[in-house]
Structures are given as C-alpha cells and as structure tokens.
Amino acid sequence: MSDSFSSKKLNSQFLSSFSLLLVVMAEKRAKTTLMVDEEEDRFYKLPDSLIQHILSFLSTKEAVSTCLVSNRWKLMWYSVPKLSFSDFDRANNQKKLYSYVNNYLEHRKRGMKFIPDSAITSFKLHINCYQRSKSRDLDKWLAFIVNKKVKEINLRVNKKKTYRGDIHYYSLPKTLAVKARYLTKLKLNSVELDSRYSFSFPSLKTLKLACVRLADNDVVDKLLMGSPSLEKLQLRFYCQSSDPQLRINLQHSLSLKSLRITLSVDLVEKINVINLEFLSLMCVDFAKIRVSACKAIRILNLSCYLGMEDLSSLEYLISNLPLLEEFTFTKVHKWKLKHIEISNQHLVKLIVQNFFGEELNVILKSTPKLTTVVYTGCINLSVSMESSNLLFGTFVIHEGQENYDTDWFLDFTNFLLNLKCSWRSIDIHVKSDKALIFPEKLKRVCRSPLVDWKNLTFSTEYELKRESNLKDALQWISPTLSLKKGRHFYKSSFKVFENFQKNKEAFF
C-alpha cells in the first residue's frame with residue numbers, strides 16, 4: 001500500500017470520527033440552553049470549506065444537528081454539498097423520512113437565495129420499502145437535485161411485494177433519465193429501468209446497477225449509447241430481478257474501459273467492447289466475449305459458471321488477448337473439470353482461487369513474461385510450467401479443519417511436491433503451526449528435505465514458546481526455509497473467502 005493511499009485512508013477515518021464527535025457535542029448542547037460565546041468557541045476559526053468537508057461524512061440529519069455546536073454553525077448545514085437520507089436503520093419510520101426530506105429540501109431551496117455557493121454535488125437516498133403512493137415525492141426530489149447540477153446519485157428503493165404477490169418497483173423518472181447532464185456517477189439498486197426514454201448522460205463516468213429490474217432487452221445497450229463518456233460499468237443481478245428470458249447486449253460503447261458483471265443466471269447475449277481494459281465476469285459464459293473486438297483487455301477476472309464442462313472457450317480467450325497482464329480465475333461451483341491450461345505471451349500475474357475440496361491442475365504452457373502466481377484455496381493443487389522463468393509464489397491454504405491427521409500431511413506433502421516450477425521465492429500461509437509439524441512416523445518413511453527451494457517462507461500463527469520446536473520441525477521440509485509470525489495476509493485472504501461464501505449464498 002502506498003504512503004499516499006495510507007495517508008488518505010487515515011485522514012478519512014479521522015474526519016469520520018471527528019464528525020461523529022461533533023454529533024455527540026451537538027446532542028449534549030441540545031440538552032442545555034447555553035450557547036458558547038464565539039470568542040471562546042474552539043471551532044470558530046475553522047474555514048468554511050473544512051467544516052463542509054467534515055459534515056459530508058455525516059448523514060444529512062446528523063449534519064443538521066451540528067447547528068448546535070456553535071453560533072457560527074447555525075446555518076452551515078445549508079451549504080453541505082453531500083446529502084444522505086436513509087430509513088434502513090429506523091424500522092417503520094418511513095413517514096418521518098418522507099416528511100423530513102421534503103422539509104429539508106424546501107429549506108435548502110430557500111437557503112439558496114441567500115447562500116449563493118450552496119451547491120449539491122452528491123445525493124444518496126436509501127428507502128427500505130417502496131410505496132407507490134410516494135412516487136411523486138421521489139420524482140420531485142430527484143428533479144430538484146438534477147436541477148441543481150448534481151454530480152453523484154446513489155439511489156436504492158427496495159421493491160415491495162403485496163399480499164397478492166405483486167411486486168412493485170420504483171421506475172426511474174424522465175427527469176433523471178434525460179436531464180442529468182452534469183451527472184458523473186450513478187448507482188442504482190432495486191429500481192426499474194425501461195427503454196421508454198432516450199437516456200442522456202453526457203458526463204457520466206461510472207454506472208453501477210445492482211438488483212435492478214430490466215423491463216426490456218435493450219435497456220443496458222441504450223444506457224451505453226446515451227452515456228458517451230462512460231468508463232466504468234458494474235452490473236449485479238439476481239435471477240428474481242429481471243425476466244430470465246431477457247438478454248443483455250454490451251456493444252455500443254467506445255469509452256468503456258472497465259466492466260464488472262455478477263449474475264446468478266446468465267443474461268448476457270454478447271460482450272463486444274473494443275476499448276475495454278478491465279473485465280470481470282461471474283456466471284457468464286466465456287464464449288459470449290467477442291475476442292476479435294476485446295483486444296485491449298489488460299486485467300481479466302473470470303469465475304466458472306454452473307454447468308461448465310468445457311474450458312476450451314476460456315483457454316482460447318486467454319491465449320488471444322495480446323495485452324493481457326493479469327488473470328484471475330475463481331472456482332465458484334463444484335465441477336468435473338480438473339485441468340486448466342494457461343497460455344499467453346504477455347501475462348505477468350496469475351491469481352487462482354479454489355474454495356472447494358476438488359483437485360485442480362494448473363498447466364502454464366507458454367507464459368514467458370509470467371513473474372507472479374498467487375493461490376488461495378484448498379490444498380488439492382498442482383502447478384507445472386514449461387518455461388524456466390523464475391516465479392514469485394504466494395499460497396494461502398484454507399484447511400477447513402482443526403485436527404491434522406496422517407491424511408492431511410500426505411496431502412500437504414503432495415501439494416509441495418506438485419508445485420513444479422522454478423521459484424525465485426515462495427511464501428506459504430497456513431492457519432495453524434500444527435499444520436506444519438509432521439509426525440515422526442511419516443518423517444521416517446519420506447525423504448528429507450522435501451523441497452530444495454532456496455527462498456521458502458511459511459507464515460502462520462504460533463506461540464513464542466513453540467517457535468524453537470517449530471523451526472526444528474520445519475528443517476525437515478527444507479533446511480533453508482524461514483518462518484514468519486502473524487496472519488495478516490491469511491486473515492485478509494480468509495475475509496475474501498468469507499465474503500465469497502456470503503455472496504454465493506445470496507445468489508444460489
């Protein structure tokens with residue numbers, strides 16, 4: 001992680017915490033009638049721009065409450081550029097939410113007459129259950145912010161299912177579809193999109209659609225045609241979100257550089273985007289990618305789909321992307337296929353994720369520029385390579401067990417012996433030091449050392465009092481290996497695994 005990125009993250013965390021502190025102060029101040037004199041006010045000298053930035057980390061209701069912090073802050077909420085409203089954390093409180101948003105926007109509208117720089121750059125609205133009777137309110141709010149040249153919209157209006165079984169979605173209004181000329185980022189969740197309007201988003205750079213109901217086959221394609229500046233597109237659909245007979249075509253975009261699609265049912269008809277540089281697909285047939293057009297792809301993330309029995313389309317795709325530098329392959333289903341061949345003249349980094357207990361053989365046929373291999377998953381893996389280039393390898397093993405018996409150590413031995421590549425360095429992460437201490441009976445029947453890699457490192461969690469014994473035991477595996485204490489990488493990888501399991505349960 002770069003120093004600049006770390007600094008930005010720390011600053012963001014500090015400002016977020018500081019914002020919450022202001023809310024607490026405002027709540028305490030609200031319990032008294034005393035207002036601190038401005039000369040004694042610790043926040044009086046803060047510049048307006050910094051105050052507005054701090055308040056942008058709060059929900060709009062919390063930002064308004066800070067008017068009690070200081071005399072000078074009484075009207076500061078009128079100029080906060082980011083608005084955020086939600087009823088997700090307040091059960092059965094929708095009436096108050098609609099009333100609050102209406103009152104706030106009315107005050108904001110009046111305030112713009114005497115605060116000329118009161119711009120609205122971002123609008124976030126999350127409603128837990130859509131009420132058709134309130135659609136005019138939603139239309140009015142969106143029309144207001146669009147008229148104020150909003151740049152970012154995050155809209156989530158959860159569908160409502162009636163006692164008769166009917167499902168009601170909030171449909172995107174014409175005002176937003178055709179008049180949001182300054183919009184650069186649009187995030188829609190659980191709303192309905194149809195093609196009755198000619199979409200016009202001339203400034204849109206990023207579009208994220210999650211659980212959106214597509215009313216027509218050509219909605220996504222028309223969105224692309226109406227977004228000539230779009231660079232990033234993310235689609236995530238459940239099978240219940242749209243008619244399973246619908247098809248998504250992705251071909252009318254010259255500006256699109258990043259595309260991420262996550263589905264539970266394959267709705268994609270064709271992917272034909274000539275300037276695409278990043279592509280991530282889950283549960284999409286790889287044959288849908290028109291290789292002759294998508295020659296600019298540099299980063300490719302693919303997850304196998306249900307019923308997949310032939311990897312020829314995948315292997316053909318990889319070998320015919322002339323600019324491909326990084327490839328990630330994830331097994332999200334149990335399947336019969338056990339072998340995958342990787343061949344690409346420009347590939348630099350390979351990432352494999354295998355969260356099932358099935359065997360997986362990775363064959364690196366023609367990869368002269370490959371330098372890095374990262375693997376996360378079960379221990380049933382073998383890797384072989386035809387070329388002799390030296391590799392950096394990282395392997396994070398998820399054992400899924402607490403008791404390490406003879407079968408485990410035999411599998412672990414086979415795992416080490418089946419990493420048939422030339423390694424510049426190799427780092428293996430396991431959950432417990434118990435997974436590394438081979439039983440004496442097994443050590444007597446197996447040769448030592450198991451491997452002759454010069455730079456082998458094991459990373460695991462262990463108690464300091466066992467460190468000496470652990471190192472002695474590991475000498476049997478390789479006399480030149482080193483040991484790292486700590487499980488930062490393992491924990492991070494395991495978090496990815498847990499998130500995958502949650503997403504899998506949500507989808508399937």
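The values are calculated or read from the model by the stated rules, or taken from the named source; none is laboratory data. As the structure is a prediction and not an experimental result, all values here were calculated from the model. Note: ideal-geometry Cβ built from the backbone for every residue, glycine included; neighbour counts use all protein chains shown. All accessible areas refer to the heavy atoms of the entire protein, side chains included, with ligands and DNA or RNA removed. Shrake-Rupley method; radii C 1.70, N 1.55, O 1.52, S 1.80 Å.
For the structure I just gave you, tell me whether residue 272 is surrounded by fewer than 20 Cβ atoms within 10 Å (Cβ to Cβ), at pLDDT below 80, in contact with a Lys or Arg (Cβ under 8 Å, 6 or more places away or on another chain) and among the polar types (S, T, N, Q). No; evaluated as a whole, the condition is false for this residue. Residues in the range 421-455 that are polar (S, T, N, Q) and under 19 Å from residue 484 (Cβ atoms): 425, 432, 455. Being surrounded by fewer than 15 Cβ atoms within 10 Å (Cβ to Cβ), modelled with pLDDT of 80 or more and not in a helix (DSSP H, G or I) holds for only one residue in 441, 454, and it is 454. For the range 31-49, what are the residues that are surrounded by 11 or more Cβ atoms within 10 Å (Cβ to Cβ) and either at pLDDT 75 or above or not in a loop (DSSP other than H, G, I, E, B) (or both)? Residues satisfying the conditions are 38, 48. Residue 256 falls short on exactly one of the conditions (1) in contact with a helix residue (DSSP H, G or I) (Cβ under 8 Å, 6 or more places away or on another chain); (2) assigned to a loop (DSSP other than H, G, I, E, B); (3) open to solvent by 20 Å² or more (accessible area, probe 1.4 Å), and that condition is (3).
Of the residues in the range 387-405, none is open to solvent by 60 Å² or more (accessible area, probe 1.4 Å) and touching a Leu at 6+ places or on another chain (Cβ under 8 Å). Can you tell me which residues in the range 390-423 are assigned to a strand (DSSP E or B) and either touching a residue at least 40 places away in the same chain (Cβ under 8 Å) or within 26 Å of the chain's Cα centre (by Cα) (or both)? Scanning the range 390-423 gives 392, 393, 394, 395, 396, 397.
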